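Take a look at the structure set out below.
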Amino acid sequence: MPQRKRSCPECGGVLYSRKRAVDGTKVLLTEAQALEGEAQDALVTLAAEGAGNAELDGLVGSLHVTLDRMPTADEVVCQYLTRSAAKHAELCNWGLYRNARFNLAESYARRRSYEEALRLFLEVSLIDLNGPRNRGTKDPAALRRIPPFEPHAGSLASGVLSRTIDVITELKFSRDELQRLFESVASAMTTVTNLPRPTSAAWQELSAALADGWS
């Protein structure tokens, strides 16, 4: 049994080796089956981290009506993360918002929706550079006392940088193209919240951090 993947001797398609969660037996899966299995794992993780069964069941039901078919696990994951991010933004829980957006980027990358994934990875790095905090309120007086961002505490995550480089490589983006996309992402974020760090300064630090792994 191959450890990772091999070509099907009959159709030439790619087969992936995975362990079944039920009994640990290795099986060969098509790419679509492997991706759906990864999405199922992501759903299990969401449930373990606090997503209620009733909420997930409700999402499945609403997507079933919208799509006129049963949704895939990945579609449920994406919808859940999108809604979670919106709730976190409403309460100025920007650290939690950042985490939801990163997981959503991973979901897009898994489906090879690379441009959507790249926008989200850039958004996550932009937020990281501004030092996101979880405040749990939008009360202006409270936020003046304890701001939702602390740029002096901002930093870039190596895991996000490596995933960003992976997607840039897939898209074959130039530095100018990436800068324009980053500035577009920063402009969109301005409509959501006032990030304290100037976009130009954030881009300078991010592009320097990406330079080592991005040829």
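Here are a few things to note about the model shown:
- Inter-label distance, nm, simple model (7 Å from Cα along the C-beta direction), residue 183/residue 137: 3.8 nm
- Cα gyration tensor of the stretch 158-201 - equivalent ellipsoid semi-axes, whole Å, descending: 22, 13, 9
- Cα gyration tensor shape for the stretch 50-211, rounded if a/c is under 1.5, else prolate or oblate: oblate
- Shown for 88, 64: other C-beta atoms within 10 Å of each C-beta, ranked fewest to most, produce the order 64, 88.
- Mean Cα-pair separation over length for the stretch 50-211, i.e. relative contact order, pairs under 8 Å, 6 or more apart, %: 20 percent
- Listing 98, 119 from fewest to most neighbouring C-beta atoms within 10 Å gives 119, 98.
- In percent, rounded to a whole number, the relative contact order of the stretch 103-163 is 33, using alpha-carbon pairs under 8 Å and six or more apart.
- Take the Cβ atoms of residue 200 and residue 90, set R0 to 30 Å, and the FRET efficiency comes out at 0.55.
- Likely footprinting exposure, 199, 137, fewest C-beta neighbours within 10 Å first: 137, 199
No lab work stands behind these numbers, since they all come straight from the coordinates. All figures in this text were calculated on a predicted structure; none of them were measured in a lab. Note that each Cβ is placed from the backbone with ideal geometry, even for glycine, and that neighbours are counted across all protein chains shown.
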